[in-house]
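Novice: Structure incoming, see below.
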Amino acid sequence: MLTIDRIQNGIIIDHIRTGMGIKLYRLLELEQQGVPVALITGVHSKKYGTKDIIKIEGLPALPELGILAALDPHITVLRIENGEISERLNPQPPQRLTNIAKCGNARCITSCEEGIDHIFERSDHGQYRCIYCTRVLTLD
Amino acid sequence: MRHLIEPMDFTVLETERLLALAEDIAERPEAYRDVCAYKKLATLFYEPSTRTRLSFEAAMMNLGGKVLGFSSADSSSASKGESVADTIRVVSHYADIAAIRHPMEGAPLRASQYASIPVINAGDGGHQHPTQTLTDLLTIQRRAGRLTGLTLGLCGDLKYGRTVHSLVQSMMRWPGNRFVFICPPELSMPAYLLAELREAGIPFETVERLDEAIPMLDILYMTRIQRERFSSAAQYERLKNCYILTPAEMQRGQAHLAVLHPLPRVNEIAPAVDDDPRAAYFEQAGNGVYVRMALILTLLELGLE
């Protein structure tokens, strides 16, 4: 059985879809935060079968947590203080994502001209679409 | 300052006003022949599209204005690597309004972000072609007398046809319309569009044969099916003649049917159909000039009462 120590003061990102943990780790630039981080993948989940978890000791200045909700509305974020859950954060997906990822459409203007921000707007159906070519953003 | 990058940039009311202006222009062209005197339209065509470019140029000339621009990227600063943003910033000093045709999706939107003049999307790759959609709407309105309560058949390549997608999304905005999609299974309407229709409660059906659908239609919109879109040559051979409009199919159509096509047509409409009074595709091209005239006036805020 895999055992990771409980964190004392920090953040737990739970119920990450299996395989997405490493992508979140990179998106949130966690390796640059200078604090202990544990990325656990494929652990058992009563709700989803398996899941990934990220535990962060300390309270670094994290990028916009709304990105997490944008990627997966099932993600939960828990703030830990003195070893106990002090707050359950419900980040709201932002209306717009800028330079989180590149548009994957080779025929989009963003793929051939430099200096253009990759901007994605949230649609009524919760998808993020490139504002230039309207292709849906996928981070899988 | 407004731009037209996609059809939804105009509300339903604004679209109706623009079409009404286009109808007035068609009825009284002499009243508009000097409205754009001393105004210049820049046609920035990064890829060839002779008919669209000529239509825009004719529109501006009919309004008494002048035209400048380029007809391919080779003859523009793009060949030196200049960005769309820089080009439009410069052109904004030369012209009062610009029409941009570009092979890359989103290029006209990019231009509109840096332009100090109105920008019209004259087609961006397989993405949008809003003035074609407005042309289609005007043709339907002039033929049927309305944009409501119509049964529209869309025939041919419905999977990759941008004009078809745009027309459906536009006609959804007016009440009482229903759609008949006539296509082989591998070229069906994209799932996201069908989902939009269901969510809006708009009736539609999908059939494989044109001769079965045509008796129920008020409007038939034909598009070309390309051989390479089929997964197998055998499938293409089996289906290729099911989506060709001939006098035989026209005999099954109603007397008030109007047949549209964005052109150019290849073999999907037989030349024998051209003299049928229900063939509207050549006047459709003419309507494109009126629509572009109305659009130029609207964006330059010269729309007359």
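The values are calculated or read from the model by the stated rules, or taken from the named source; none is laboratory data. Just so it is clear, the structure is predicted and the values come from calculations on it, not from any experiment. All Cβ positions, even for glycine, are placed from backbone atoms using ideal geometry, and neighbour counts span all protein chains on display. Quick note on the areas: whole protein, heavy atoms, side chains included, nothing else; ligands and nucleic acids left out. Shrake-Rupley method; radii C 1.70, N 1.55, O 1.52, S 1.80 Å.
Novice: If you go through segment A:108-138, how many residues are over 20 Å from B:PRO108 (Cβ atoms) and either of a type in the set (S, T, N, Q) or within 11 Å of another protein chain (Cβ to nearest Cβ) (or both)?
Specialist: Of the residues in that region, 6 qualify.
Novice: Take B:ALA98 and tell me if it is in contact with a Lys or Arg (Cβ under 7 Å, 6 or more places away or on another chain), outside any helix (DSSP H, G or I), crowded, with 24+ Cβ neighbours inside 10 Å and away from chain A (no Cβ under 14 Å).
Specialist: No: the conditions fail for B:ALA98.
Novice: Next up: Among the residues of segment A:59-73, are any assigned to a loop (DSSP other than H, G, I, E, B) and at pLDDT 85 or above? Even if it seems obvious, please write down each step before you answer.
Specialist: Residues of segment A:59-73 assigned to a loop (DSSP other than H, G, I, E, B): A:59-65, A:72-73.
Within this subset, residues satisfying the condition of being at pLDDT 85 or above are none.
No, the conditions are met nowhere in segment A:59-73.
Novice: Restrict the check to segment B:104-121 and report whether at least one residue is closer than 28 Å to B:ILE269 by Cβ, within 14 Å of chain A (Cβ to nearest Cβ) and either modelled with pLDDT under 95 or in contact with a His (Cβ under 6 Å, 6 or more places away or on another chain) (or both).
Specialist: no
Here's the yes/no breakdown for (1) buried (at least 16 other Cβ atoms within 10 Å of the Cβ); (2) in contact with a His (Cβ under 6 Å, 6 or more places away or on another chain); (3) outside any loop (DSSP other than H, G, I, E, B):
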{"residue": "B:VAL164", "(1), (2), (3)": "yes, no, yes"}
{"residue": "B:VAL168", "(1), (2), (3)": "yes, no, yes"}
{"residue": "B:GLY176", "(1), (2), (3)": "no, no, no"}
{"residue": "B:LEU194", "(1), (2), (3)": "yes, no, yes"}
{"residue": "B:GLU205", "(1), (2), (3)": "no, no, yes"}
{"residue": "B:ILE214", "(1), (2), (3)": "yes, no, yes"}
{"residue": "B:ILE225", "(1), (2), (3)": "yes, no, no"}
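Novice: Can you tell me how many residues in segment A:1-37 are part of a helix (DSSP H, G or I) and open to solvent by 70 Å² or more (accessible area, probe 1.4 Å)?
Specialist: Total meeting the criteria: 4.
Novice: For A:VAL43, indicate whether it is over 23 Å from A:ASN99 (Cβ atoms) and in a loop (DSSP other than H, G, I, E, B).
Specialist: Numbers: over 23 Å from A:ASN99 (Cβ atoms): yes; in a loop (DSSP other than H, G, I, E, B): no.
No.
Novice: Moving on. Given the options A:ILE53, A:ILE80, A:ILE40, A:ILE85, name the one that is more than 14 Å from chain B (Cβ to nearest Cβ), open to solvent by 60 Å² or more (accessible area, probe 1.4 Å) and not charged (D, E, K, R).
Specialist: It is A:ILE85.
Novice: Inspect segment B:239-256 for any residue being surrounded by fewer than 20 Cβ atoms within 10 Å (Cβ to Cβ), touching a residue at least 60 places away in the same chain (Cβ under 8 Å) and within 16 Å of the chain's Cα centre (by Cα) and give the result as yes or no.
Specialist: Within segment B:239-256, not a single residue is surrounded by fewer than 20 Cβ atoms within 10 Å (Cβ to Cβ), touching a residue at least 60 places away in the same chain (Cβ under 8 Å) and within 16 Å of the chain's Cα centre (by Cα).
Novice: Suppose the filter is over 23 Å from B:ASP34 (Cα atoms) and more than 14 Å from every other protein chain (Cβ to nearest Cβ); does B:SER71 pass it? Don't jump to the end; show me each part of the working.
Specialist: Numbers: over 23 Å from B:ASP34 (Cα atoms): yes; more than 14 Å from every other protein chain (Cβ to nearest Cβ): yes.
When the stated conditions are applied, B:SER71 passes them.
Novice: Now a separate question. Suppose we filter segment B:108-157 for residues that are of a type in the set (S, T, N, Q) and in a strand (DSSP E or B); how many remain?
Specialist: 3
Novice: Right, another one. If you go through segment B:53-77, how many residues are polar (S, T, N, Q) and at pLDDT 95 or above? Steps first, please.
Specialist: Going residue by residue through segment B:53-77, those that are polar (S, T, N, Q) are B:55, B:62, B:71-72, B:75-77.
Now drop any that are not at pLDDT 95 or above, which leaves B:55, B:62.
Selection size over segment B:53-77: 2.
Novice: Here's a follow-up. Could you list, in sequence order, the residues of segment B:15-57 that are among the aromatic types (Phe, Trp, Tyr) and under 24 Å from B:SER112 (Cα atoms)?
Specialist: B:TYR38, B:PHE45, B:TYR46, B:PHE56
Novice: Can you find even one residue in segment A:95-103 that is outside any strand (DSSP E or B), surrounded by fewer than 15 Cβ atoms within 10 Å (Cβ to Cβ) and within 14 Å of chain B (Cβ to nearest Cβ)?
Specialist: yes
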